[in-house]
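Report on the following structure.
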């Protein structure tokens, strides 16, 4: 079997509001074909039409002055941190969902692109080990 990330349903990406340039909430729902372990993470890659810092990101920890975080939730991953790395959001959590579990990550205060990019923009989601090795 090939390891993969698959959309959980036809509404796997929900964002509101959809107006160009608005601040929006984005929810991604997907399944990983592999179990999570405590050090695994999710990488969500935003299209280049978006701001490289995605939205209202901020420095959260004094010992990480160049690291930015954005507000997010994911009940399946427990307590989560969402670190912003130029068009990428790296999500780490305290829980380890089993393979093929619906996982919904909600990211708040995302800056929509300044124009309608719905025809060209595509998001990528990956399940990674702590050393960035691809899991699914």
| Does residue 100 fit the bill of being touching a strand residue (DSSP E or B) at 6+ places or on another chain (Cβ under 7 Å), under 20 Å from residue 12 (Cα atoms) and either at pLDDT below 90 or surrounded by fewer than 16 Cβ atoms within 10 Å (Cβ to Cβ) (or both)? | yes
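Look at residue 127 and say whether it is under 13 Å from the mean Cα position of the chain (by Cα) and surrounded by fewer than 16 Cβ atoms within 10 Å (Cβ to Cβ).
Numbers: under 13 Å from the mean Cα position of the chain (by Cα): yes; surrounded by fewer than 16 Cβ atoms within 10 Å (Cβ to Cβ): no.
No; evaluated as a whole, the condition is false for this residue.
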| Any hit, the range 73-96, residues being out of contact with any strand residue (DSSP E or B) (no Cβ under 6 Å at 6 or more places or on another chain), surrounded by fewer than 16 Cβ atoms within 10 Å (Cβ to Cβ) and closer than 20 Å to residue 4 by Cβ | yes
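Restricting to strands (runs of 3 or more DSSP E) lying wholly in the range 41-118: which have 3 or more residues that are without any contact (Cβ under 8 Å) to a residue 40 or more places away in the chain? Quick ask: steps written out before the conclusion?
Numbers: elements: 41-45, 80-85, 88-93, 103-111.
The qualifying strands (runs of 3 or more DSSP E) are 80-85.
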| task | Kindly list the number of the only condition in (1) within 16 Å of residue 13 (Cα to Cα); (2) out of contact with any strand residue (DSSP E or B) (no Cβ under 7 Å at 6 or more places or on another chain) that fails for residue 125. | result | (2)
| said: Given the condition at pLDDT 90 or above and under 18 Å from residue 127 (Cα atoms), answer yes or no: does some residue in the range 57-72 qualify? | reply: yes
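The values are calculated or read from the model by the stated rules, or taken from the named source; none is laboratory data. Bear in mind the structure is a predicted one, so any value in this text is a computation, not a measurement. Using ideal geometry, Cβ is built from the backbone for each residue, glycine included, and neighbour counts are taken over all protein chains shown.
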